[in-house]
Amino acid sequence: MRNAILLLVFIFSFNVYAEFEMPKKVRNIKDLDTAISEAQSKKKALVFILTNEASPNKMTAKQSLAAVDAFDNVAIIVYVPIFSNKATYQKLPAKVREAFSSADAGRRIPIVAIIKPDLETIIEIIPFDVGKDYEKLLDQAKKDMFKAMK
């Protein structure tokens, strides 16, 4: 019996619930119009992060927050819940919807799409990636964003 309990504790220690909360500085999809207006007036790119704050996956939480950190203060960041209803999802700029469903976006979250404030030009799509490669993708996307916004 004792061994069974220890085994269960061991198993559950690897499946710790990883729910997280997007920082307050990140706009919610519900505030999309305000985010777009701010991006246009400040001439900043918009960074859309498609993710799930209630995800049980630690990597989803880690990478979602890494994306926020990478673009904090240099772009307007918008959180798009993966389980948004169709009407909410349709509010996204068409190019962002296309980016999220493209082959480049992959099939795992988070997916990051960076778009110019004109809402017509996708700068970068950043798919889920494991480890240091994700940080490299974020760094390169940030460089590409600065170049595109000149």
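The dipole here belongs to the chain: it is taken about the Cα centre, uses +1 on the Cβ of Lys and Arg and -1 on the Cβ of Asp and Glu, and is about 60 debye.
How much mean residue ellipticity at 222 nm does the chain get from its helices, if each DSSP H run of length 4 or more adds -39500 (n - 2.57) and you divide by all residues, to the nearest 500 deg cm²/dmol? Each step should come with its number before you reach the end.
Numbers: 6 runs with 66 residues, N = 150.
Value at 222 nm, helices only, nearest 500: -13500 deg cm²/dmol.
Each Cα pair under 8 Å and six or more residues apart adds its separation to the average, and for the chain the resulting relative contact order is 25 percent. Of the peptides 133-144, 67-78, 82-93, the order by per-residue mean of other Cβ atoms within 10 Å, starting with the highest, comes out as 67-78, 133-144, 82-93.
For the chain, the longest principal axis of the C-alpha atoms and the axis of helix 32-42 are separated by about 50°. For residue 150 and residue 30, a Förster radius of 35 Å and the Cβ-Cβ distance give a FRET efficiency of 0.65, rounded to the nearest 0.05. Treating cross-link reach as a plain straight distance, find the lysines whose alpha-carbon is under 19 Å from the alpha-carbon of residue 143, omitting any fewer than eight places away in the same chain. Excluding near neighbours in sequence, the set is 42, 43, 44, 116, 132. Taking 7 Å steps out from each Cα toward its Cβ at residue 85 and residue 107 produces label points 2.9 nm apart. Spin-label pair residue 69-residue 139: with each label point 7 Å from Cα along the Cα-Cβ axis, the two points sit 1.4 nm from one another.
The computed Rg and Dmax of the Cα atoms in Å for the structure shown corresponds, within [x] 14.7, 45; [y] 17.1, 66; [z] 29.1, 110, to [y]. Against the chain, whose longest principal axis comes from its Cα atoms, helix 132-148 is set at around 10 degrees.
Read the figures in this text as sums done on the coordinates, not as results from a lab. Not measured: the values here are computed from a predicted model. Because the Cβ atoms are built from the backbone with ideal geometry, glycine has one as well, and the counts that use them run over all protein chains shown.
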